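The values are calculated or read from the model by the stated rules, or taken from the named source; none is laboratory data. Note that the structure is a prediction, hence the values are computed from the model and not measured. Cβ placement follows ideal geometry from the backbone for every residue including glycine, while neighbour counts extend to all protein chains displayed. Accessible surface areas use protein heavy atoms only, side chains included; no ligands, DNA or RNA. Shrake-Rupley method; radii C 1.70, N 1.55, O 1.52, S 1.80 Å.
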Amino acid sequence: MSEAVRRMSLPAGTAVVDTLTGADVLLNGPTGVIAVKTDDGVERDLTWVPEADAEVELIQRNSPAGLAIIRHSTTHIMAQAVQNLFPSARLGIGPPTAEGFYYDFLTDHNFTPDDLVALEEEMRRLVGEGQLFRRRVLTSVGAAEAEATEEPLKQELIATHPVPWRFAGDPYGDDALSYYDNLSYAGERQWTDLCRGPHVLDTKYLGVFTLTHAAAAYWRGDEKRQQLQRIYGTAFLDRKALKTYLTEREERLKRDHRKLGEELDLFTFDPNVGKGLPLWLPNGTIIRDELEKWARETERSLGYKRVVTPQLAKEDLYYLSGHLPYYTDDMYAPIAIEEEVYYLRPMNCPHHHMVYRARPKSYRDLPYKLGEYGTVYRFEKSGQLQGLMRTRGFTQNDAHIYCTEEQAEEQFLEVMRMHEMYYRALGITDFHMVLAVRDPENTDKYHDDEEMWTKAESITRGAMERSGIPFVLDVGGAAHYGPKIDFIIKSVTGREFAASTNQVDLYTPRRFGLTYKASDGTEKQPVVIHRAPLGSHERFVSFLTEQYAGAFPFWLAPEQIVVVPVTDMFDDGARAVADELYAAGLRADADISDARMQAKIRTHSMRKVPVTIVVGGREIEDKTAAVRLRTGGSWTAPLAEVKAFFLAAQSDRRLTLEAPAS
């Protein structure tokens, strides 16, 4: 479709579809028009009749917005199929998602894989018979409630309209109360759902679909509300795209950090401890420790000073920082003791500001860099928790740089370079930044110091442009007190993760009264740079677990070397080799279990151990080691040389191991 046809003038009083067909605009196929978007950002069905002449953007089926509409309509067909086969199921909500769609149902029935097969068959029957999607706007709340007498969750949405009517960031439809009817080609209503839309004209404009799985969910993500059954599915324009997605999804499931974390003994959760509060097992703690050691070494080389601060503080600190009252819903409940009120900290920043403020500072002390792997707590809703990826307690690679305005851009550039160094060393090559700035059309949520905003954006953008790292703009995504950047890293499975958030902050120093004595003897406020290149242990380790499919690089691997005796006659020799390697600083152990040698090797291969050393009579006598790498290489060499090789690999933090040239 040409650029000129992407927009169109619509006459008042005529349905969009009639205007399009009259202009010979294609409705089917990948580039067919599926809906339109008005200049106020609202997406409309092709059945929409403008009351006045309107300029609109045409939404094609193969666009992200077009695919979302197809998925939204598909989830309606799924919900119709559910109520056909399980008539007692009541409706929740059913939005499209980045990967497909879901619908929540209030039901005592737990959907099984066999149920999903039956539901897919029913969906195909409905699509095969053909149905129309038609919007019906209700004239009053009472009229809407009258149609939802058997749908308690829909009644709640109607009663609180329009507050929860929109999903966050969701552009669909307008705010009028409306139902979408699924009509037969004869015009008979087959099913209906409270919905804003938009939807496709006809089921013939849907794509190919499948249902993937079912899971429990809480109504509106609140664990105190009803538990629902959520069915997930996806839809694409063609079978090739669907097959590609399913292949990638299967690979993601194999790499799921929750599955691998269980298999490799990295972490666990216990209901007696609490939801979203991980217990790091010894193997997982090794990965944490190695990352933290690397961060400490890197930061020391760049002049950072390490600090340790409490994990809670009096409420006064959080009123000073602004977390109270604006962040209250995301914090754990207050702790009242000895007539004082404390909170678990949601961020490390306020504590670091108090460390800076504890002693007078001169311009000669700047940049003043404070680093801490600090643990924080945020009360995420139960429905949003996801293994280590989304927790309520997590430990961040946090630091704050206090510097002069003249130093700020260079210091922020150094932060960019640090990110790049970490990521490339870990084999992460696909990453970019998102620069979140103010929305000039909606400035109410930002502080009103224009000069401060201009300076902060100039410093931030200057460092980003000099870094050479690609970045995109997010207009309206800035924090209340300044612009911010997110580093986005892409995994080998194609999913993107927000790894860290960094900010140039000119606002907070004023709130905290942070100053330094300038060279001319005057008191000035420093610039604060917030940075966390390795994010939180929890989120970053979950990403690395999936990135490496549990096969961590040698220096990060919880179990680096397993020594396997040829037979139990050589158990003592295997122990001696493992002890020597362990004493040298390598994570080595001997497997003297009752299993046969080949079974032991297979077991440790499945546990992703990078190195197996086989020991028999000849190796013990010659003081050599027969080395097998997880990646397939092998060689035999004197034990002293083998030890030196792996110590060097650990010290250099090598991403891959290769057998030395003979």
Accessible area of Tyr319 in the full protein assembly, 1.4 Å probe (Å², nearest 10): 120
Solvent exposure ordering (accessible area, 1.4 Å, most first) of Trp48, Trp191: Trp48, Trp191
For the range 1-73, diffusion coefficient by Stokes-Einstein and Kirkwood Rh (Cα), 25 °C, 0.890 mPa s, µm²/s: 202
Two-site FRET efficiency, Thr139 against Lys314, from Cβ-Cβ distance with R₀ of 56 Å, rounded to 0.05: 0.55
Residue order for Tyr218, Tyr103 - accessible surface, 1.4 angstrom probe, largest first: Tyr218, Tyr103
Pairwise label distance in nanometres, Glu121 with Val208, each label 7 Å out on the Cα-Cβ vector: 2.1
At 1.567 mPa s and 4 °C, Stokes diffusion of the range 128-282 via Kirkwood alpha-carbon radius, µm² per second: 67
Mean-position separation - Cα centroids, the range 98-161 and the range 375-409, in angstrom: 38
Alpha-carbon centroid distance for the pair the range 64-91 / the range 551-620, whole angstrom: 54
Projected area, mean over directions - the range 525-596, Cα convex hull, nm²: 8.0
Efficiency of FRET from Cβ geometry, Arg189 and Leu26, R₀ 25 Å, rounded to 0.05: 0.25
Rounded D (µm²/s) - the range 83-168, Kirkwood Rh over Cα pairs, Stokes-Einstein at 4 °C, 1.567 mPa s: 85
Whole-number accessible area per residue in Å² for the chain, which is evaluated in the context of all protein chains at 1.4 Å: 46
Cα-based helix-to-principal-axis angle, 571-583 vs the chain, degrees rounded to 10: 80
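If you average 1/r over every pair of different alpha-carbon atoms in the range 480-582 and take one over that average, what Kirkwood value in Å do you get?
About 18.7 Å, per the Kirkwood formula over Cα pairs.
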Accessible surface of the range 1-91, 1.4 Å probe, proportion on carbon and sulfur as whole %: 53
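Set the Förster radius R0 to 41 Å, insert the Cβ-Cβ distance between Lys224 and Asp39 as r into 1/(1 + (r/R0)^6), and round the FRET efficiency to 0.05.
0.50
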Dipole of the chain, positive direction: furthest Cα of Leu385, Met569, Gln190, with charges on the beta-carbon: Met569
Simple Cβ-charge dipole of the chain, Lys/Arg +1 and Asp/Glu -1, about Cα centre, in debye nearest 20: 1400
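Place the peptides 480-487, 236-243 in order of packing, highest mean first, counting for every residue the other Cβ atoms within 10 Å and averaging per peptide.
Ranked from most to least packed, the peptides come out as 480-487, 236-243.
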Identified option (computed Cα Rg over 2.2 N^0.38 Å; candidates (i) 0.92; (ii) 1.47; (iii) 1.14): (iii)
Close Lys-Lys pairs in the range 292-371, where close means Cα under 15 Å and separation is 8 or more or interchain: 4
Rounded to the nearest 10 Å², the accessible area of Ile592 at probe 1.4 Å: 60
The range 228-295, accessible surface, carbon-and-sulfur percent (1.4 angstrom probe): 52
The range 187-261 versus the range 457-471: alpha-carbon centroid distance in Å: 38
Amide H contacts under 5 Å for Gly535, placed H, 5+ residues apart: Asn397
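From the helices alone, meaning DSSP H stretches of at least four residues, give me the mean residue ellipticity at 222 nm for the chain, per-run term -39500 (n - 2.57), in deg cm²/dmol to the nearest 500.
-10500 deg cm²/dmol
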Computed accessible area, Val472, all protein chains, 1.4 angstrom probe, square angstrom: 70
Solvent exposure ordering (accessible area, 1.4 Å, most first) of Arg135, Arg424, Arg359, Arg364: Arg364, Arg359, Arg424, Arg135
Share of carbon and sulfur in the accessible heavy-atom surface of the range 555-662 [1.4 Å probe, %]: 50
Rg/Rg_ref, the range 205-323, where Rg_ref = 2.2 N^0.38 Å and atoms are Cα: 1.63
Rounded to 5, the percent of DSSP beta bridges in the chain classed as antiparallel: 85
